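The values are calculated or read from the model by the stated rules, or taken from the named source; none is laboratory data. Just so it is clear, the model here is predicted, and its values are computed rather than measured. Ideal geometry is used to build each Cβ from the backbone, glycine not excepted, and the neighbour counts take in all protein chains shown.
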Amino acid sequence: MRIESAELKYTVLIERNEDGGYTVTVPSLPGCITQGDTWDETITNAKEAIAGHIEVLRTLGKQISIEVPVKVPIEVRATS
């Protein structure tokens with residue numbers, strides 16, 4: 001079965017740069033990295049980078065990672 005269109009969601013890691021901007025990496029898509037000067041620009045750039053990365057993977061006939069969210073319960077002890 002071939003899916004013509006789907007909305008995919010990816011976890012992104014956003015870190016503040018020394019210059020005040022942001023760097024984004026996408027753990028499920030190794031090599032997918034972008035940046036932005038503002039939060040809004042960073043989110044826009046992340047969406048564009050993910051879309052572009054997926055398009056390159058498709059063009060090359062590579063597998064596209066799809067995230068499946070899993071909740072893992074952990075216990076955190078209070079500090080005294």
- Query: What about Glu15, is it under 24 Å from Val70 (Cα atoms), more than 8 Å from the chain's Cα centre (by Cα) and part of a loop (DSSP other than H, G, I, E, B)?
  - Reply: no
- In segment 34-45, which residue that is surrounded by 14 or more Cβ atoms within 10 Å (Cβ to Cβ) and not polar (S, T, N, Q) is nearest to Val68 (Cα to Cα)? Ile43
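Listed here are the residues, each with its yes/no results for (1) free of Cβ contacts under 8 Å to residues at least 24 places away in the same chain; (2) among the basic types (Lys, Arg).
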| site | (1), (2) |
| --- | --- |
| Gly36 | yes, no |
| Ala46 | no, no |
| Ala49 | no, no |
| Glu55 | yes, no |
| Lys71 | yes, yes |
- Query: Take the residues of segment 18-30 that are farther than 21 Å from Val70 by Cβ and modelled with pLDDT of 95 or more: which is farthest from the chain's Cα centre (by Cα)?
  - Reply: Gly21
- Sole miss for Pro73 among (1) under 15 Å from the mean Cα position of the chain (by Cα); (2) part of a loop (DSSP other than H, G, I, E, B); (3) of a type outside the set (Val, Ile, Thr) is condition (1)
- Message: Tell me the residue from Glu48, Glu67 that is surrounded by 10 or more Cβ atoms within 10 Å (Cβ to Cβ) and modelled with pLDDT of 95 or more, please.
- Response: Glu48
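Residues checked against (1) among the polar types (S, T, N, Q); (2) in contact with a helix residue (DSSP H, G or I) (Cβ under 8 Å, 6 or more places away or on another chain):
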residue	(1), (2)
Tyr10	no, yes
Thr25	yes, no
Leu29	no, yes
Cys32	no, yes
Glu41	no, no
Leu60	no, no
- Query: Across segment 30-77, what is the total count of residues that are basic (Lys, Arg) and within 26 Å of Gly20 (Cβ to Cβ)?
  - Reply: 1
